[in-house]
Structure formats: C-alpha cells, structure tokens
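Q: Below is one structure. I have some questions about it.
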Amino acid sequence: GALKLYQKWDYKGAAERTSERGRLSCKSEDWALAYFRARAYFLASDFDSAEKVLEEQLHLYLHLPSVALLRMEVEAQLGLRYFGLVVAKEPNSDRAKLILGKSHAAAGRTKEAIAAYQEVLKQSPERLGIHLAIAQLYEDELNWTAAIEELKAELALAPDNALALAHLGHAYTESRDADQAIQVLSKLLETHPDDGRAYADLGRAWTMKEN
C-alpha cells in the first residue's frame, strides 16, 4: 500500500495511492491521512499538490506543530521557485508581493512579511486571506490585539471563514476577553464540531467568565 511505497522512497506513488480513498474531508479521522499525503507530495517535490492538500484538507489543523511546520516548508519551496520569475516579469503585481510576503514569513522575517502583505492590501483591499496571514504572524509574536484587528478585518470580507473564526476565538481567549471568545467559538463549533482547539479555548473562556 501507500506506506510500503513511502518506505521505498516512492513518495509520489505513496501520495497517489492515498487518493484511491477519494476526496478527504476535514473530519478528525482523516487529518492524519491528509498529512501523510501532503508530506509525501512534499518529499516528491510536488509542492503545488502538497499546498492544495494543506489548503483543502488540513486548514483546520494548522495549529498542530507537524502541520504548521509542513506548511512552512511548502511555502518556502514555492517561494523559492516562483519568486524570481514573478518579480522579473511583474515586479509590482499583487502576486509578486504575496510571494514575497510568504517567503519572508517562511524565513521568520515577520516585520518584512507584514509589510509585503500590507502592500498587497493597498492594491487589493478586498483580497481574501491577507488579513488572516498578517494575523497569524502577529499571533506568533503573541500580539493578540493586533491579531484580533486583522482577523476582524478578514471576517468582514468573509464572515463564515472557519479558519479566521478559529483564530479569532483563540486570540480572544488568549487576551482574556471571555465574552467575545465564547460568542465566536460557539458560532464556529456550530458548523465545525470536530475542532478540538476550539473546544479547549471555549472551556478556558467559560472558566475565565465564571471566575
């Protein structure tokens, strides 16, 4: 099966073998298989396919260290591949600035990444995902106030964005705003009852409120 192919260093074959199960969902029992597929694509240097799995099947699990690290590795490779070509052809395009932001973020250059993403927003203020990307960088620095503002801006563009809701609920919890955390996390869990971190954050928020 897929594991034997993986052990034989046939990573592409292992990733494609997992596809025989059909399209994976975001259910908790599928995330490990989705991670296996994404990791196999990465090791096979098929970074586009790895990114697609991360975005479609693992977006609710980006808080897990293994998934977060894989995303960082994939984005770094995509940045290296595309950056020179895009900047040479379209130096002032949204795409060039977006890739630059991802490259800075993957390299841990938070200030530069935020600046690049903000340039994208100046040109395309309604582009989805940019406020979320900035918020995640602020979260890494434990700057919850700034993260909350970016997440609220993302949700103003896409009110049902589950990933943004999850991050906003967590940010409110970390900033000890129990009422807002409970409101956001309750909304999220109505449609994504398998989100374990949301349950944990909701429990913390209720504890803070009761105390």
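Q: Largest first, what is the accessible-area ranking of TRP206, TRP144, TRP31 with a 1.4 Å probe?
A: Ranking TRP206, TRP144, TRP31 by accessible area, largest first, yields TRP206, TRP31, TRP144.
Q: Which links in LYS52/LYS187; LYS97/LYS187; LYS122/LYS187 stretch past 28 Å when you go from one Cα to the other?
A: LYS97/LYS187; LYS122/LYS187
Q: Choose one of VAL184, VAL67, ILE130: the residue whose Cα lies farthest towards the positive end of the charge dipole of the chain (beta-carbon charges +1 Lys, Arg; -1 Asp, Glu; about the Cα centre).
A: VAL67
Q: In debye, nearest 20, what is the charge dipole magnitude of the chain about its Cα centre with +1 on Lys and Arg Cβ and -1 on Asp and Glu Cβ, if you could check?
A: 660
Q: Would you mind working out the accessible area per residue for region 54-113, using a 1.4 Å probe, and quoting it in Å²?
A: 52
Q: Tell me, what is the per residue accessible area of region 170-211 in Å², probe radius 1.4 Å?
A: Spelled out: the 1.4 Å probe surface of region 170-211, per residue, equals 58 Å².
Q: Oh, and also: Hey, if we sort LYS102, LYS209, LYS111 by accessible area with the 1.4 Å probe, largest down, what's the order?
A: LYS111, LYS209, LYS102
Q: Given a 1.4 Å probe and every protein chain left where it sits, what share in percent of the accessible area of the chain is carbon and sulfur?
A: The C+S portion of the solvent-accessible surface of the chain is 52 percent.
The values are calculated or read from the model by the stated rules, or taken from the named source; none is laboratory data. Not measured: the values here are computed from a predicted model. Using ideal geometry, Cβ is built from the backbone for each residue, glycine included, and neighbour counts are taken over all protein chains shown. SASA here: full protein model, heavy atoms, side chains in, ligands and nucleic acids out. Shrake-Rupley method; radii C 1.70, N 1.55, O 1.52, S 1.80 Å.
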